[in-house]
Amino acid sequence: MPRILTIAAAQLGPIARDESRASAVARMCALMRQASDRGAHLVVFPELALTTFFPRWYMEDPAAIDAYFERQMPNADVLPLFELARGLGLGFCLGYGELTPDGHHFNAAVLVDAAGAIVGKYRKVHLPGHRENEPWRPFQHLEKRYFEPGNLGFPVFEALGGRIGMCICNDRRWPETFRVMGLQGVELVVLGYNTPVHYPPAPEHDHLQDFHNHLVMQAGAYQNGTWVVGVAKAGREEGCDLIGGTCIIAPTGEIVAQCATLGDELIVHDCDLDRCREIQDNIFNFALHREPESYRLITETKGAQRGPGTTS
Ligand code: CDV
């Protein structure tokens, strides 16, 4: 019997700066009802799904910054989503800004099972952007200012009948993200993203944003023999264009479902988790074929070593 997990990727269109959490949650509830009607077991929502993508603005007032964060999960604003999911018997993954009781800020995501229990948490490790206001940019990307790097690693959770890991947006560009989960036998990686079309430090790459988005997720899927579900917050948000391209990727690296719009949109696919073995037992049988002694630089250094003979 194949192990089928029917997964819904729930893309969101833009969330305005003054849009309430109640409104964002209502939009997510509508997508969740559609997902249930289409037989889904798991719904994946984007990065920072409860608010606009606030790192595009420079702020100094701690209260103004903290207003974009959740001090508890679930809280009163998000409870309708948890209750609906429990009522429908659906799991979900939700990205949000986490403010811990001792004052730490993370770009986080939780994995919630069909009984409404949080069974996994992830905190974004790779924070793109910068720390200080850079007025030359048409918009800021201040994740390094507002968040600390995640301190939970890349855990893989036994949940919903599979081995599930999470990452968030910029993490998907790093092969280490997927490999660390691959080495835990991951069968499904779920992730949300907010990716502007315009990349101010290298605008010559703007036309490649959609290509790079799929390139890295398809590579991560194939090279680790895992399903990958990448979910965008898309469209023109407060004057900033965000790519769409929400998709479900098989362990072979093939995109099997993809959104066609830049708005709220659902795609659904029956994901056979046993298909991971086609890759994990063969071309990327890690135990048989990996040579970790030759990869030591990956954990021993941060920046590139450009001297001769540094690979041993
Ligand atoms: N939210 C993100 O992490 N966005 C980055 C952009 C800034 C490059 C991304 O990797 O898509």
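The values are calculated or read from the model by the stated rules, or taken from the named source; none is laboratory data. The structure displayed is predicted, hence computed values, not measured ones. In this analysis, Cβ positions are derived from the backbone assuming ideal geometry, glycine residues included, and neighbour counts consider all displayed protein chains. All accessible areas refer to the heavy atoms of the entire protein, side chains included, with ligands and DNA or RNA removed. Shrake-Rupley method; radii C 1.70, N 1.55, O 1.52, S 1.80 Å.
So, restricting to strands (runs of 3 or more DSSP E) that lie completely within the range 171-259, which ones have at least 2 residues that are open to solvent by 50 Å² or more (accessible area, probe 1.4 Å) and more than 18 Å from D281 (Cα to Cα)?
255-258
If you check P138, P149, which single one turns out to be over 23 Å from Q11 (Cβ atoms), in a loop (DSSP other than H, G, I, E, B) and in contact (Cβ under 8 Å) with a residue 60 or more places away in the chain? Of P138, P149, the one residue that is over 23 Å from Q11 (Cβ atoms), in a loop (DSSP other than H, G, I, E, B) and in contact (Cβ under 8 Å) with a residue 60 or more places away in the chain is P138. Per this entry, G129 is not counted among residues that are open to solvent by less than 30 Å² (accessible area, probe 1.4 Å), touching a residue at least 60 places away in the same chain (Cβ under 8 Å) and touching a His at 6+ places or on another chain (Cβ under 7 Å).
As a summary of the residue check, Q140 satisfies the conditions (1) in contact with a strand residue (DSSP E or B) (Cβ under 7 Å, 6 or more places away or on another chain); (2) closer than 23 Å to V197 by Cβ except for the one numbered (1). For the range 132-170, residues that are closer than 14 Å to V110 by Cα, among the aliphatic types (A, V, I, L, M) and either within 16 Å of the ligand (Cβ to nearest atom) or loosely packed, with under 15 Cβ neighbours inside 10 Å (or both) total 3. Selection within the range 187-203: residues that are more than 19 Å from F147 (Cα to Cα) and without any contact (Cβ under 8 Å) to a residue 60 or more places away in the chain. The member of this set that is nearest to the ligand (Cβ to nearest atom) is Y199. Restricting attention to the range 248-278, the residues that are touching a helix residue (DSSP H, G or I) at 6+ places or on another chain (Cβ under 7 Å) and over 12 Å from T226 (Cα atoms) add up to 4. For the range 66-87, a tally of residues being surrounded by 19 or more Cβ atoms within 10 Å (Cβ to Cβ) and touching a helix residue (DSSP H, G or I) at 6+ places or on another chain (Cβ under 8 Å) returns 5.
Within the range 239-296, track down each residue that is under 15 Å from V190 (Cα atoms) and of a type in the set (G, A, S). Listed by number, the residues that qualify are G245, A250, G253, A257. For R86, the requirement of being at pLDDT 95 or above and away from the ligand (no atom under 16 Å from the Cβ) is met.
Among the residues of the range 11-28, those identified as closer than 17 Å to E83 by Cβ and either at pLDDT below 95 or open to solvent by less than 10 Å² (accessible area, probe 1.4 Å) (or both) are A24, V25, M28.
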